[in-house]
Amino acid sequence: MPYKKIIAVGLVASLAFAGIYFGVRYFLVKRNLTSLATDPAVILSAQRQTLRVTVQKMTLTDADLDDLSDSDEKKYGTDLNKADSDDDGLNDHDEVMIFKTDPLQADTYAVGHSDSWGVAHGVILKDGKIDKSKFK
Ligand SMILES: [Ca+2]
Ligand SMILES: [Ca+2]
């Protein structure tokens, strides 16, 4: 019966086509070629992976996310796992880079108040300047 052969060949050809289609699609998704993928779930998954890698890189270079890199933390002797090493209310980055206060001394100028109090009350200014007239 020739029509049985035609149906059998058609069935085999369909299975082969489906196999190739899903095989190529799996390969593209597996290799993260999202520009070729049109499935929104695949694209979202790739974006999440990119975000995960970005956050991982950030935490590898700044473990406590205080904006002072781990290598700078080692340079200044601050705690790279604690954003505010001396618990004075100013994070390590702001002490080192903005106010030039000591990130390991809660009261850099020994005035009886924390460095964050000094900043909040206008005593400690940027770039290591202080205004003693505002100290009470
Ligand atoms: Ca720190
Ligand atoms: Ca300090």
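The values are calculated or read from the model by the stated rules, or taken from the named source; none is laboratory data. Just so it is clear, the structure is predicted and the values come from calculations on it, not from any experiment. Using ideal geometry, Cβ is built from the backbone for each residue, glycine included, and neighbour counts are taken over all protein chains shown.
At-a-glance table
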| read-out | value |
| --- | --- |
| Any hit, region 87-110, residues being modelled with pLDDT under 90, acidic (Asp, Glu) and away from ligand 1 (no atom under 16 Å from the Cβ) | no |
| Inter-residue pairs, beta-carbon under 6 Å, first assigned by TED's automatic domain parsing to the domain that holds His113 and of a type in the set (S, T, N, Q) and in region 74-89, second outside any helix (DSSP H, G or I) and at pLDDT below 95, 6+ apart | Asn81/Ala63; Asn81/Asp64 |
| Unmet criterion (only one of (1) surrounded by fewer than 19 Cβ atoms within 10 Å (Cβ to Cβ); (2) closer than 25 Å to Lys132 by Cβ) for Ala46 | (2) |
| Region 71-96 - residue that is among the acidic types (Asp, Glu) and surrounded by fewer than 21 Cβ atoms within 10 Å (Cβ to Cβ) and, of those, farthest from Asp127 (Cα to Cα) | Asp79 |
| Residue satisfying all of: in region 97-120; within 8 Å of ligand 2 (Cβ to nearest atom) and hydrophobic (A, V, I, L, M, F, W, C); surrounded by the most Cβ atoms within 10 Å (Cβ to Cβ) among these | Ala106 |
| Segments classed as helices (runs of 4 or more DSSP H), wholly inside region 1-120, with at least 2 members that are among the aliphatic types (A, V, I, L, M) | 2-30, 40-61, 115-120 |
| Check on Thr50, of a type in the set (Ser, Thr, Tyr), out of contact with any helix residue (DSSP H, G or I) (no Cβ under 9 Å at 6 or more places or on another chain) and at pLDDT below 95 | yes |
| Flag if Asp66 is of a type in the set (Asp, Glu), within 11 Å of ligand 1 (Cβ to nearest atom) and under 16 Å from the mean Cα position of the chain (by Cα) | yes |
